[in-house]
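The values are calculated or read from the model by the stated rules, or taken from the named source; none is laboratory data. Not measured: the values here are computed from a predicted model. Here Cβ is always computed from backbone atoms with ideal geometry, including for glycine, and neighbour counts include all displayed protein chains. Protein only, heavy atoms only, side chains kept; ligands, DNA and RNA dropped before computing areas. Shrake-Rupley method; radii C 1.70, N 1.55, O 1.52, S 1.80 Å.
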Amino acid sequence: MAAEDKETSKNAGPGAASDAGKRTATDSPVEATADSPEEATADSPEEAAPQMLTVASSPHVRSGESTSRIMWTVFACLLPAAGWSVYLFGMKAAIVLATCTGGAVVIESLVQYFTRGRTSVQDGSAALTGLLLALTLPPGASVVICLVGAFVGVVVAKAVFGGLGHNPFNPALTARVFLLIAFPGPMTRWPIPLQALADKPQKLYGQSTSWLDAAGRSLDFANAKTGAALHSLAAKVDVITAATPLAVAKEHWKRGTGELTTYSDYFVGSMPGSLGEVSVILLLLGAAVLLIRGYISWHIPVSFLLGVIVMAGLTHLANPTRYMDPIFHLLTGGVIIGAFFMATDYVTSPTYPLGMVIFGLGCGLLTMIIRLWGGFPEGVSFAILIMNACTPIIERYTRPTRYGLKPWAEPEAS
Amino acid sequence: MSVSFKGGIHPDYEKELSSGAAIEDLPPPERAVVHLSQHIGAPAKAAVKKKQQVQKGEVLGEAAGFVSVPVHAPISGKVVEIALHLHPFGSLQEAVVIESDGEDQWCELPPETRPESLSADEIKDRIRDAGIVGLGGAAFPTHVKLSPPPDKTIDTILLNAAECEPYLTADDRLMQEEPERVLSGFLALRKVLGAKDAVIGIEENKPEAMGAMEKAVGKVDGVRVARLHVKYPQGGEKQLIDAILGREVPTGGLPMDCGVVVQNVATCAAVDDAVRFGRPLISRVTTVTGQGVASPVNLRGRVGTPVQAFIDAAGGFRGNPGRVVLGGPMMGGAIHTTDTPVIKSTGGVLVLTPEELPPAEFDACIRCGRCVRACPIHLCPNEMGNYCEVEMWDQLEGLNVGDCIECGCCAFSCPANRPLVQFFRYAKLWIRQQAALAKAAQSQDDN
Amino acid sequence: MELLILAINAILVGNLLLAKFLGICPFLGVSKKISTALGMAMAVTFVMVLASTVTWIIQVGVLNPLGIGYLQTIAFILVIASLVQLTEMAIQKFSPSLYEALGIFLPLITTNCAILGVAVMNIDEGRGFVTMLVYSFAASLGFGLALLLFAGLRERLETAAIPEAFRGAASALVVAGILSLAFMGFSGLV
Amino acid sequence: MSLILPILVLSGIGAVMGAGLAVAAKFLSVEEDPRVEALMEILPSANCGACGYPGCSGYAKELVAGVDIGLCSPGGSDTVAKIADILGVEAVALVPKVALVRCAGGRNLAPDRSIYVGPSSCKAAVLVGAGPKECRWGCVGLGDCAEVCEDDAVDFTEDGLAFVRADLCIACARCVKACPRDLIQMVPADRKVHVLCSSQDPGKNTKAVCQVGCIACKLCARRDKASFVVENNSASVLYEEGSKDTPVAALVCTPGAIWDANEDDLVSWLTDPARREALKERQAELKARERAERAAKKKAAAAAKKAKADKADESGPAEPAEPGTQKGGQ
């Protein structure tokens, strides 16, 4: 019976709400009908003594929204982009996605098992963390790296603080930054998308193709500049990597060489990069769903992008030869996935509109500062993490103005 | 074009369950348990003795102070007991128990008059003597609301006809069926206050009621009907004032601090009875509804009738009742047993099935901010809830928990199902206790 | 411009706490509340700037001319200890509540390696007087920034259901670690 | 020279700094009672607040100002003696106390009237329709007291009733403040007889909701006026001086709301129905014994009267020498 379910699922006090106690209470004289309880039960089963009513604080209805629904919706919104990355990078991407997501879920279950905590795997936050992490990794990342990342994300960045809702930093980004610093080599080896390999062998992302020639020569390919040759080359070597457009851009102004792919490539993702940064269109599609359904508000993404545009725009205007234009910066790297999926993480971003705007702007500006002048080509993860750290302080000073402070003058006085 | 306020939520209104059911009279109970504490303020003092014979409408309890009103006999019969009885709020309170003699005979009432012939003070006296309180749920004595301090001018009186609580349709039916009565009471109240403007705020989802009221208002000077956006808690006093007049009630203040008095539909109808016929408040319209009752109805029932009688009149339970709520689902209180008698402020009996009930467990706050967007007072329920949960009271300072109106929007919208309203109630209690302690310490220091 | 770069470097890139890991003791000790952290940050700023100035003068004006630079450490400690004593007295006088809140960590500024570290770094890097001033001030600002961010995070963690094993310093150190990771993003800047 | 110079320089720096500090000390000196420090050393540092001051340091400061030195119950008499020593005042004897939950109505004896859904906290539960328990005075059993107890002294019976294990209780009184129904009282640890009910409802109402509630029949107070008092429909033990344990008063309590530690330990008293049966037997025994005593007395009185009457046969109708209602002594 449903009431029976309620009874067992009730919040149990410390040894207090023992079921035995509850059941004895059910046939208390107060709750029985006018007839004695025995008589009532002697009647047909439908006429049995009524179950005790439940009491709870108002409100007695809920919106039906739940944490797990939110998490799984975000998860679903990321799937198109994940799928596209599998299409682009093949099995490598699939393995990364599966290892990270699966690893995170398994590790979360273990944590839950050992701590008997109330964080539950079913709420989807672990899976989401894993998926987000996977989308920030290079397609060729090894299984070990993925698992280490999943562990850092789920355990170090979340379980240590008491699970979902208490983590001060975005778990996926913490894991990514950890991996980036712990495994700088593998984390910056960006395979070339298979499609790009086939279609445009000549335009290998601003890289002079001479290194490919060299590689080809060493493998007995005299001239590796044709698609067919490259394909067979690809079969010989494990992976062909190239720098991401951002890294190229950084080198570009240092050495004054290199040439960049066109914007349309960024949009559809035919560029080297992490799983999730390659397809802007599909990410935007997922983000649009979230925005329309009200799962995220516009404040953080818009101000994030605004921060990037302003900073990139100003520097580009000041020195177009050294600094790339804003569109380039928007479309490359993790700005889109960062602005719509990472920075908007409820737990680690401010809750109040003004705070969200400050947070977003901060993310945008820091991203550009690190990109333009820092040692790393990509700054989104660091920027968001740093702003995560600022969140409590931002939140403290951006609380909404409560009702009742608007002055009102009596008509006579005014 | 409709007006509204910032914040709020859109729950499932479920009004169609009972909105089509015309008001029916619930037969007077055999035994009425009339609580002496039916309103905010000092409970009434018992004015009858055991075994005394009383007529319908006779005073059972005298007002004990200014913020208090008398309580009247809802049926004629014999007083069998004056003792502690279960109050709808869950505790035991002193109540007068009357056993019916079946006559249902009115006691001697003041002569019938026309409201126009009475002075403002006379109307106010009649309202107080009739034991009229705010029937919207708060049960604040109406005559107190009608007695602003001399330095405050009331320029507007609002009729709160929003009935924003889901499920409830009592006010809606009352306006459809007896618009003149409501309007007449409303105008009497306006006369007492001397307010220039009178606005009737009705949510858009009650077109028939709006039509009826518009028709009744006709060309009465200075009275208009305002269309309100359908949103909860549109019928909250502060939200109504904000929506219709764009004014904000100052923090810690009353509506009269911004020149407004708000009255409820059922209150106005009761006022009309009191002013015109001198009849005390002994019955009211109550919606009996929810998936848990067989056929939802709107009933005019006597004060002191057990809840079970209302449910029986609605065809009894359908299946197992999960929870019985007096009032609406957002702000109403769950009762422990249906033997509980109703009081003046019981505007609804809502029976929820076990399947409908929100889950029992709640999770950690994920800081999604839905509660912040929903809060009509623009507080920070997320932070407040987190601090309340771990009882970090010092951190609650500056978060203005005391301003919370307990409308339930935050808890409604919370995906983690956090019992935020309950947290805040406890925090408020704690703050009150601290204030009392501080006051005690202060007076000790002074001595 | 150079001074600005130096300042940015001291605040973000070479943050005393998050990049050089100096002064961890007060970082963990007095970062439970934002207000206390703010007080600590100001006390450290005061002592750091003053101590750097005095030690610079002693080093450049007394020790170096006399050829007894090897006395650096002991002389500096002497100066810092006296200044901390002074600060302690001042705080106790003017803000007893802050004095209470800081507790043992106030006299412990003496052994706060960040202060001595900055003083010694100033000498080792051969900074001039103005550069020294700017660096000390910026470094203490960076210290304060990290302390403040950390205090905000810890205040939030107060409401968290942290597992028994990680309560207190353990979770705080994890936060500090992640914060440090995040600040590594600034490396290579300027 | 190479040795003297560093010494000179260091002394010089030291002197300058020292002088500066000396000057500063003059302007910035803050008076502080050294006794506060000493008191802080000996106070238990539990910061429990049993003394009513914010933490041990708060109490130390107030002690110097001259408040009651016998407030630190966790510290016990030793601490009081040390405090007295430091302050140079007479030591007072500190009666060791323990916390006692004044309710014996678990769910088996005082049932719930509905199923509470919400945060697992008594404070929160009593806010929902005055609590799920039928008795509005009784233990809700969701463990607010256990939560604040740092010594794990609060335990629960199977029927969700809190009780304090006296051997673990350090008398910090945290639980007293935590209980929203004010059920917990600090009682002298050496007392054996306690009323385990706090209901202030009329006996009729109490009886309806709890099998072991005090029905305010005043039998106990009639036995021993100095030790029991019945106020607001609620019996309680007067723990002040002059009162004493009165086992027979515990015995006469009709619903068994009084617990006698001489007979039963707390856990078995609260959980074992046989103990209540035993009480009933003892009550019957007592009744029988007293009846016999009364009868014997009456007999003796009658005999005496008869003898008296025999002696002075013309003395008219004599008053009854023994009021029949008089109960036996203790």
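A few remarks follow.
- Checked against the criterion of being more than 8 Å from chain A (Cβ to nearest Cβ), touching a Ser or Thr at 6+ places or on another chain (Cβ under 8 Å) and closer than 30 Å to residue A:350 by Cα, the candidates B:404, B:371 yield just one match: B:371.
- Apart from one condition, residue B:405 fits all of (1) closer than 25 Å to residue A:67 by Cα; (2) assigned to a loop (DSSP other than H, G, I, E, B); the exception is (1).
- Residue count, the stretch D:67-99 (criterion: assigned to a loop (DSSP other than H, G, I, E, B) and of a type in the set (Val, Ile, Thr)): 5
- For the stretch C:172-187, the set of residues classified as more than 7 Å from every other protein chain (Cβ to nearest Cβ) and open to solvent by 30 Å² or more (accessible area, probe 1.4 Å) consists of C:173, C:177, listed by residue number.
- Residue match in the stretch D:36-45 (condition: in contact with a Cys (Cβ under 8 Å, 6 or more places away or on another chain) and open to solvent by 80 Å² or more (accessible area, probe 1.4 Å)): no
- Index of the failed condition, residue D:205 passing every other in (1) open to solvent by 30 Å² or more (accessible area, probe 1.4 Å); (2) within 14 Å of chain B (Cβ to nearest Cβ); (3) free of Cβ contacts under 8 Å to residues at least 12 places away in the same chain: (1)
- Search result, residues across the stretch B:348-358 that are more than 7 Å from chain A (Cβ to nearest Cβ), open to solvent by 10 Å² or more (accessible area, probe 1.4 Å) and within 23 Å of residue B:233 (Cα to Cα): B:356
- Subset of the stretch B:307-334 [facing chain A (nearest Cβ under 7 Å), touching a residue at least 12 places away in the same chain (Cβ under 8 Å) and under 22 Å from the mean Cα position of the chain (by Cα)]: B:323, B:324, B:325, B:329, B:330, B:331, B:332, B:333
- Put simply, of B:11, B:88, B:43 the only residue that is within 14 Å of another protein chain (Cβ to nearest Cβ), in contact with a His (Cβ under 9 Å, 6 or more places away or on another chain), at pLDDT 90 or above and assigned to a loop (DSSP other than H, G, I, E, B) is B:88.
- Residue match in the stretch A:356-372 (condition: surrounded by 24 or more Cβ atoms within 10 Å (Cβ to Cβ), within 24 Å of residue A:168 (Cβ to Cβ) and in contact with a Cys (Cβ under 9 Å, 6 or more places away or on another chain)): yes
- Test: residue in the stretch A:291-299 that is assigned to a helix (DSSP H, G or I), open to solvent by 10 Å² or more (accessible area, probe 1.4 Å), at negative phi and aromatic (Phe, Trp, Tyr): no
- Output for the stretch D:143-156, where each listed residue is open to solvent by 10 Å² or more (accessible area, probe 1.4 Å) and either not acidic (Asp, Glu) or not assigned by TED's automatic domain parsing to the domain that holds residue D:179 (or both): D:145, D:146, D:148, D:149, D:154, D:156
- Hits in the stretch A:162-179 (condition: among the hydrophobic types (A, V, I, L, M, F, W, C) and modelled with pLDDT of 90 or more): A:169, A:172, A:173, A:175, A:177, A:178, A:179
- Any hit, the stretch B:210-231, residues being touching a residue at least 24 places away in the same chain (Cβ under 8 Å), outside any helix (DSSP H, G or I), within 22 Å of residue B:300 (Cβ to Cβ) and of a type outside the set (S, T, N, Q): no
- In the condition set (1) facing chain C (nearest Cβ under 9 Å); (2) under 19 Å from the mean Cα position of the chain (by Cα); (3) assigned to a loop (DSSP other than H, G, I, E, B), residue A:382 is compliant with all but (3).
- A single entry from B:396, B:379 fulfils the requirement of being at the interface with chain A (Cβ under 8 Å from one of its Cβ atoms) and either open to solvent by 30 Å² or more (accessible area, probe 1.4 Å) or more than 20 Å from residue A:64 (Cβ to Cβ) (or both): B:379.
- Qualifying residue in the stretch D:105-124 (condition: in contact (Cβ under 8 Å) with a residue 40 or more places away in the chain, over 17 Å from residue D:181 (Cα atoms) and within 7 Å of another protein chain (Cβ to nearest Cβ)): yes
- Check on residue B:189, surrounded by 24 or more Cβ atoms within 10 Å (Cβ to Cβ) and closer than 24 Å to residue B:229 by Cβ: no
Residue-wise test of (1) closer than 19 Å to residue A:147 by Cβ; (2) out of contact with any Leu (no Cβ under 8 Å at 6 or more places or on another chain); (3) of a type in the set (Gly, Ala, Ser); (4) part of a helix (DSSP H, G or I).
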position: A:65; (1), (2), (3), (4): no, yes, no, no
position: A:75; (1), (2), (3), (4): no, no, no, yes
position: A:81; (1), (2), (3), (4): no, no, yes, yes
position: A:88; (1), (2), (3), (4): no, no, no, yes
position: A:93; (1), (2), (3), (4): yes, no, yes, yes
position: A:101; (1), (2), (3), (4): yes, no, no, yes
position: A:108; (1), (2), (3), (4): yes, yes, no, yes
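- Among the numbered conditions (1) in contact (Cβ under 8 Å) with a residue 40 or more places away in the chain; (2) within 21 Å of residue D:136 (Cα to Cα); (3) out of contact with any strand residue (DSSP E or B) (no Cβ under 8 Å at 6 or more places or on another chain), the only one that residue D:231 does not meet is (1).
- Pairs linking a residue in the stretch C:154-168 that is within 9 Å of chain A (Cβ to nearest Cβ) and in contact (Cβ under 8 Å) with a residue 40 or more places away in the chain to a residue that is surrounded by 14 or more Cβ atoms within 10 Å (Cβ to Cβ) and not hydrophobic (A, V, I, L, M, F, W, C), with Cβ atoms under 7 Å and 6 or more positions apart or on different chains, are C:154/C:31; C:154/C:32; C:155/A:392; C:155/C:33.
Condition check ((1) open to solvent by less than 20 Å² (accessible area, probe 1.4 Å); (2) within 14 Å of chain C (Cβ to nearest Cβ)) across all residues:
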residue	(1), (2)
A:107	no, no
A:113	no, yes
A:130	yes, no
A:137	yes, no
A:147	no, no
